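Take a look at the structure below.
Please treat every number below as a calculation from the coordinates, not as lab data. Predicted model only: the values in this text are computed from it and were never measured. Cβ placement follows ideal geometry from the backbone for every residue including glycine, while neighbour counts extend to all protein chains displayed.
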Amino acid sequence: MKRQLYVLLTVVLAQCACANVTTPAFGVALEGHPITREQIAAADEATGADRNIGYVVCFLQWPEDPAKRDDLPKIATTLAAAKSAGAIPVITWEPMYYTAQGVEVIIPSARILGGDYDAYLDAFAATLAAHDGPVIVRLMHEMNLGRYHWGVSKENYNADAPAIYRDLWRHVVGRARAALPAERDDIGFAFCPNVESVPGPFTTRSHPWNAIAAYWPGDAWVDVLGVDGYNWGDTQTPAKHGWQSQWRSFRDIFGPAVRELRALSADKPLIVFETASAATGGDKRAWIDGAFAAAREWNIAAIVWFEADKEIDWRMSTGLDRP
């Protein structure tokens with residue numbers, strides 16, 4: 001574990017009044033490119049003045065043409081905006097692109113491992129190096145979901161996928177680290193699965209290959225642990241969405257995945273990089289309180305709220321004024 005990055009992660013934690021009790025830092029995941037200082041200020045106000053934003057998570061897809069660099073100046077703007085807000089920027093770095101029709105296209109592993117994107121990786125690393133401050137890169141997140149079949153086609157998301165993912169991780173991280181100045185040990189890479197694997201190891205039609213541990217690239221290749229998960233409440237129905245959601249506590253949602261990640265690496269900082277709760281089906285305010293209570297017990301460094309109206313309205317303030 002990079003010592004400087006670890007220190008920078010832990011100093012943003014807000015200390016409770018009681019001795020030896022640490023409150024997890026708070027962050028927001030925001031949509032848009034670039035993220036502006038005004039967006040962060042609006043999110044700060046919307047999520048409550050008692051929670052200082054310590055992390056800002058953004059999303060960056062790779063270009064279809066690896067020679068293109070259009071997005072790198074925009075990511076530099078996002079990094080600067082987060083720093084000006086006193087937050088550590090987190091780049092969710094996705095090796096995929098969108099077609100003109102909005103279709104997600106995963107970049108084949110052969111192109112990445114074959115070196116087609118090496119110059120792009122070098123340019124990305126140069127953008128990070130030019131930023132005066134810590135950065136976390138959340139590379140190929142939620143790899144245990146069929147939607148994010150990194151490096152392979154959707155049809156080939158099978159028992160071979162974890163090994164391909166590990167090869168991709170080592171290639172990308174190895175190339176980026178080699179391009180960074182040796183003294184920049186405040187730039188780290190986060191391994192971030194979803195709380196549940198879909199298809200799952202324990203479903204009726206078992207897929208034991210799709211376990212979090214199967215994707216682990218090795219301790220030396222990871223600087224920060226992460227995990228994503230949501231409380232969908234009663235918003236999803238079989239008729240409309242193909243499944244029935246139910247209200248679940250933060251402990252219930254995150255407990256198993258946290259234990260799996262701690263078994264992989266007990267000493268690295270662990271951050272919830274995406275979470276939120278629906279406003280219907282239970283008490284949202286109590287859910288939030290329970291999330292921070294569990295995170296304190298589990299020594300989770302930070303909770304990042306997905307502050308967006310997307311599949312449903314995940315924004316923190318939504319539904320908190322309900323009786």
Problem - Too-long pairs where the Cα-Cα distance tops 27 Å, listed order kept, from Lys74/Lys284; Lys74/Lys154; Lys74/Lys310 - result: Lys74/Lys284; Lys74/Lys154
Fill in the blank from the handout: In this structure, the FRET efficiency calculated for Asp252 and Arg37 from their beta-carbon separation, with R0 = 45 Å, to the nearest 0.05, is 0.80
Exercise for the section: Multiply the residue gap between Ala110 and Lys240 by 0.36 nm, knock off their C-alpha separation, and tell me the result in nm, one decimal place. Expected result: 43.1 nm
Problem - Mean ellipticity per residue at 222 nm, deg cm²/dmol - from DSSP H runs of n ≥ 4 across the chain, formula -39500 (n - 2.57) - result: -10000 deg cm²/dmol
Practice task
For a label point 7 Å from the Cα of Arg262 along Cα→C-beta, name the residues of segment 117-152 whose backbone N is under 17 Å from it.
Solution key: none
Completion exercise
Magnitude of the Cβ-charge dipole (Lys and Arg +1, Asp and Glu -1) of segment 230-297 about the Cα centre, nearest 20 debye, reported as 20 debye
Problem - Percent antiparallel among DSSP beta bridges (both partners in segment 60-171, rounded to 5) - result: 35 percent
Problem - Gain on full stretching of the segment that runs from Tyr98 to Ala163 - 0.36 nm per residue minus C-alpha separation - result: 20.9 nm
Practice task
Please work out the FRET efficiency for the pair Arg296 and Ala46, using the Cβ-Cβ distance as r and a Förster radius of 25 Å; give the result to the nearest 0.05.
Solution key: 0.60
Exercise for the section: Return the percentage of antiparallel bridges among DSSP beta bridges fully within the chain, rounded to the nearest 5 %. Expected result: 15 percent
Handout entry: Distant-in-sequence amide H partners of Thr92 (H built 1.01 Å from N, under 5 Å)
Key = Cys58, Phe59, Leu60, Arg138
Practice task
Could you tell me which of rounded, prolate or oblate describes the chain, using a ≥ b ≥ c as the square roots of the eigenvalues of the alpha-carbon gyration tensor, with rounded for a/c under 1.5 and, failing that, prolate when a/b is larger than b/c and oblate otherwise?
Solution key: rounded
Practice task
Take the alpha carbon atoms of segment 269-284, find their center, do the same for segment 106-178, and report the distance between the two centers in whole angstrom.
Solution key: 27 Å
Exercise for the section: Could you list which residues have their amide H under 5 Å from that of Phe189, counting only those 5 or more apart in sequence or on another chain, with H placed in the peptide plane? Expected result: Val137, Asp223, Val224
Exercise for the section: Apply 1/(1 + (r/R0)^6) to the Cβ-Cβ distance of Asp309 and Thr77, taking R0 = 35 Å, and write down the FRET efficiency to the nearest 0.05. Expected result: 0.90
